[in-house]
Amino acid sequence: MAEPLIRQLMSRGEDFFNEITNRLLANEAFVEVLKKGVAAKEAVDKQVAAAVKRMNVATRKDIAKLESRLAALEAELEAMKAPARPAARKPRTAARRG
């Protein structure tokens, strides 16, 4: 019983959201402010990236590369530690003393 009501409320919310979005995007002043905001964010992102690079701070991408390389080296080390499998031997038979 509650599911149809929830679906109806969600549909109304989506319709309202779409209407507001369409109105905002039809407003040229809003679109210009939005464009300026996106451009400002991009400029800030570039400046932050340049500052991080100048400070020689590792980025997420750098750390991901290091983690990948470390995992590969650990795998190599484990492979080197693993003892070589000896050739299959025939089982020993106990000698009888008589």
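The values are calculated or read from the model by the stated rules, or taken from the named source; none is laboratory data. Predicted model only: the values in this text are computed from it and were never measured. Neighbour counts run over all protein chains shown; Cβ positions are idealised from the backbone, glycine included.
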Q) From the set of residues in region 51-67 that are over 21 Å from the mean Cα position of the chain (by Cα) and among the hydrophobic types (A, V, I, L, M, F, W, C), which is surrounded by the fewest Cβ atoms within 10 Å (Cβ to Cβ)? A) 55
Q.
Checking the condition farther than 30 Å from residue 62 by Cα, out of contact with any Asp or Glu (no Cβ under 7 Å at 6 or more places or on another chain), at pLDDT 95 or above and not acidic (Asp, Glu), which residue from 33, 38 passes?
A. 33
Q. Inside region 16-50, can you point out the residues that are surrounded by 10 or more Cβ atoms within 10 Å (Cβ to Cβ) and of a type in the set (D, E, K, R)?
A. 19, 23, 32, 35, 36, 41, 42, 45, 46
